[in-house]
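The values are calculated or read from the model by the stated rules, or taken from the named source; none is laboratory data. Remember, predicted model here, so these are calculated numbers, not experimental data. Positions of Cβ are generated from backbone atoms using ideal geometry, with glycine treated the same way; all protein chains shown enter the neighbour counts. Side chains included, ligands, DNA and RNA excluded: accessible areas come from the protein's heavy atoms. Shrake-Rupley method; radii C 1.70, N 1.55, O 1.52, S 1.80 Å.
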Amino acid sequence: MAGNRRTIRREPAVPLVLRALAMVALVLLLAPVVVVILAGLNAGDHLTFPPKGLSLRWVIAFFQSDAFLPSYLFSLILAVCTMIISTALGTTIALVLARNEFPGKQMARAFFMAPLMLPGIVLGLALYLFYLSSGLGLVRTMPGLVIGHVLVTCPYVVGTVNASLVGFDKSFEEAARSLGASPTKTFRSITLPIISPGIIAGSVFSFIVSFGQFDVSLFLTPPDYNPLPIALYSSLRYTFEPTAAAAGIFAIFLVVVSMLITARLTNLRKLANVNFS
């Protein structure tokens, strides 16, 4: 019957010109990645491209390095800590902004999203000068570095969770409360499963951004620690050896795995339609 037919919504056809431009843009974005991978597999003694043959020589050197491997592990731990804090804080902020009406709400939303608009070098310098002038003892310390990374990554969680809350039907929560569920149980059983794709996507994005964060780390890293971006910068500035490219291979691998996990667990097309109104 006509009343039982399900209407299929089809995506509008993308013009061929736009497809070609998108393909060119994709190639330009992936070209540096290919260069880094091939440079890391170079069989020569220097960081050159095209490589002089392919070898795992510098990949093995990465695992034996006293500079890159500890930096990689430190960046990994720092990114995990940042991800946990940013996920909890960003989810809370997104829920407060989405569920409450108060004077200055749009200004508060712009305030929490402002780090996305500021150049990283400006944000890192501003934090360093603030720590220095405030006397809080956060200059070149681990807490100060984590705060800087959370400040940069938290807006990603706010944005993705906010996207999950767009069109959220509160009647599900009201039904749970009417059946005797506590606010905590309602959030855990109803709200959290619905917004979990946004939380997962935001947490993965914050992990990736923190792992590759250079500008903030340049100003706030403690003297006894060295994140991977800073180690790569120092190596390319002074030694220019292929071990840096080999370290880049593992950084790229980590980012690719993170994005595959995000694509597997979330609907990226839905989350791309972020509404901040």
*Set 172, 219: member being of a type in the set (A, V, I, L, M, F, W, C) and free of Cβ contacts under 8 Å to residues at least 24 places away in the same chain*: 172
*Mind listing whichever residues of the range 127-137 are surrounded by fewer than 15 Cβ atoms within 10 Å (Cβ to Cβ) and part of a helix (DSSP H, G or I)?*
129, 130, 132, 133, 134
*Which residues, taken from the range 50-86, are in a helix (DSSP H, G or I), touching a helix residue (DSSP H, G or I) at 6+ places or on another chain (Cβ under 6 Å) and open to solvent by less than 40 Å² (accessible area, probe 1.4 Å)?*
58, 59, 61, 62, 68, 71, 72, 75, 79, 82, 86
*Which one is least open to solvent (accessible area, probe 1.4 Å) among residues in the range 97-107 that are at pLDDT below 90 and in a helix (DSSP H, G or I)?*
97
*Pairs, please: C-beta under 7 Å, at least 6 apart or cross-chain, first residue within 21 Å of residue 247 (Cβ to Cβ) and in the range 196-213, second of a type outside the set (A, V, I, L, M) and open to solvent by 30 Å² or more (accessible area, probe 1.4 Å)?*
209/156
*asked:* Based on this model, can you work out whether residue 89 counts as at pLDDT 90 or above and either part of a loop (DSSP other than H, G, I, E, B) or surrounded by 11 or more Cβ atoms within 10 Å (Cβ to Cβ) (or both)?
replied: yes
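Looking only at the range 213-224, count how many residues are out of contact with any Leu (no Cβ under 8 Å at 6 or more places or on another chain) and either among the charged types (D, E, K, R) or surrounded by fewer than 17 Cβ atoms within 10 Å (Cβ to Cβ) (or both). Even if it seems obvious, please write down each step before you answer.
Residues of the range 213-224 that are out of contact with any Leu (no Cβ under 8 Å at 6 or more places or on another chain), as a first pass: 213-214, 218, 223-224.
Add one more test, that the residue is either among the charged types (D, E, K, R) or surrounded by fewer than 17 Cβ atoms within 10 Å (Cβ to Cβ) (or both), and what stays is 214, 223-224.
Adding up the residues that qualify gives 3.
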*Which members of the range 24-36 meet the condition of being of a type outside the set (A, V, I, L, M, F, W, C) and either open to solvent by 80 Å² or more (accessible area, probe 1.4 Å) or in contact with a strand residue (DSSP E or B) (Cβ under 6 Å, 6 or more places away or on another chain) (or both)?*
none
_Among the numbered criteria (1) closer than 21 Å to residue 243 by Cβ; (2) open to solvent by 70 Å² or more (accessible area, probe 1.4 Å), which one does residue 117 miss?_
(1)
*Taking the range 37-49 only, how many residues are open to solvent by 50 Å² or more (accessible area, probe 1.4 Å) and either out of contact with any strand residue (DSSP E or B) (no Cβ under 9 Å at 6 or more places or on another chain) or part of a helix (DSSP H, G or I) (or both)?*
4
_First in the range 137-149 and over 21 Å from residue 89 (Cα atoms), second anywhere and at pLDDT below 95 and open to solvent by 60 Å² or more (accessible area, probe 1.4 Å), Cβ under 6 Å, 6 or more apart_ = 139/132
